[in-house]
Amino acid sequence: MQPHLFTPGPVSIPHEIRQRGAAPLVSHRSEPFFSLLEEISARLKRLLRAKEPPVLFPGSGTGALEALAANLIAPGDRVISFSCGAFGDRFREIAGRRGAEVIPADIPWGRGATPDDVKDALARSPDPAVVLFTHNETSTGAVTPLGECIAALPHDGPLVLVDAVSSLGALPCFPEEWGIDGLASCSQKGLLTPPGIAVAALSPRGWARAGSRPCPSYYFDLSLHRRFLEKERPQNPYTPPVTLLCSLAEALRFLEDFGFGKWFRLKARTAETFETACKAMGLPLFVEDPAFRSPAVTAVKVPGGKGKDMKRALEALGVDAAAGQGKEPSLLRVAHYSPGGWPELSLIAGSIYGAGKMCGLDLRPDFSEAAWNCWTREGE
């Protein structure tokens, strides 16, 4: 039986997007491919409200983070790393492996960074070369208000590098408006595409930094990619994942036809309804402050530390969600990336109730009415 997929990547993908990836292959040095790359670039720029061309290359979100570090961080750079979860810690480790002097700014798990956190970190460690943020922390379901945090940095201050791996496509992410110099993401989450495409977007200041010194990696050399994008017809310096790019073009067309703003509102409504169902059952949310709750991923605290038991019980019911990571193994994480509405919400909420009962949890059965009232409230 094909499981119902609610993991935070890979995600359930609409049929037409998967079908586009099954189209006959074309050469990556041909006019059809050049046109495909132009279409993807134009749609991504509209999604990001950006003028600078995004770079697409084979890889994961971690590969995109590696590319930012290779191009924009030099050995010895002082880097303030804001981390509120497992993936913020990963970005920090990548910077450290580049030889940076990493200055941790740890945020309690269960919330995002705030402007006050930024000001406090700068007071302790003034004049860093780079700061690192995670927009949507996949391990906890917490969002950082990036625009507000970046506004707390000095004008023309440190380069701002952002892990947008699990935010791009699922919630507003506007790097040029907010002052992000390097953004990393990937295909298999909010962009509704199978895994295998890494995405990097740089500001003019980021491109200037990348072009000012040689990149230690050929594969991750973003300036090399840009030179190929600026040829008479845009292309890649080496073989790209052609079939995945076909799927990505279809996914971006789907999102744009739906309406980016309308799509973001649907994700927020879906997450809020799911949160309501969980609270009505008696399952507390890990992110207590609604201001920090992610519209892409919800983390639920499972009583008795039974996060992995709940995951196994869900699998027995034909549903695939994610257990906790790092120092929060008792969590259950459910993603809201894929298209869907009330039927999908009923499926995952009802499955969690059933899995909880299988794990011996005392859950309340009247969650459906609370969730329905949230889903259908006036104005939606």
Pick from the stretch 159-208, criterion within 18 Å of P128 (Cβ to Cβ) and assigned to a loop (DSSP other than H, G, I, E, B), ranking: most open to solvent (accessible area, probe 1.4 Å): G179
Positions within the stretch 117-128 being in a helix (DSSP H, G or I) and closer than 13 Å to L153 by Cβ, in sequence order: D117, V118, K119, D120, A121, L122, A123
Meets criteria (farther than 30 Å from K357 by Cα, among the acidic types (D, E) and within 18 Å of the chain's Cα centre (by Cα)) for D221: no
When residues of the stretch 272-286 are limited to those that are small (G, A, S) and part of a helix (DSSP H, G or I), the one surrounded by the most Cβ atoms within 10 Å (Cβ to Cβ): A277
Matching residues in the stretch 66-97 - criterion: being of a type outside the set (K, R), within 16 Å of C186 (Cβ to Cβ) and open to solvent by 40 Å² or more (accessible area, probe 1.4 Å): E66, F87
Residues of the stretch 236-271 that turn out to be assigned to a loop (DSSP other than H, G, I, E, B) and under 14 Å from P54 (Cβ atoms), as a count: 2
Count of the stretch 287-340 residues which are in a strand (DSSP E or B) and either open to solvent by less than 40 Å² (accessible area, probe 1.4 Å) or under 24 Å from L255 (Cβ atoms) (or both): 14
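The values are calculated or read from the model by the stated rules, or taken from the named source; none is laboratory data. This is a predicted model, so every value here is computed, not measured. Because the Cβ atoms are built from the backbone with ideal geometry, glycine has one as well, and the counts that use them run over all protein chains shown. Quick note on the areas: whole protein, heavy atoms, side chains included, nothing else; ligands and nucleic acids left out. Shrake-Rupley method; radii C 1.70, N 1.55, O 1.52, S 1.80 Å.
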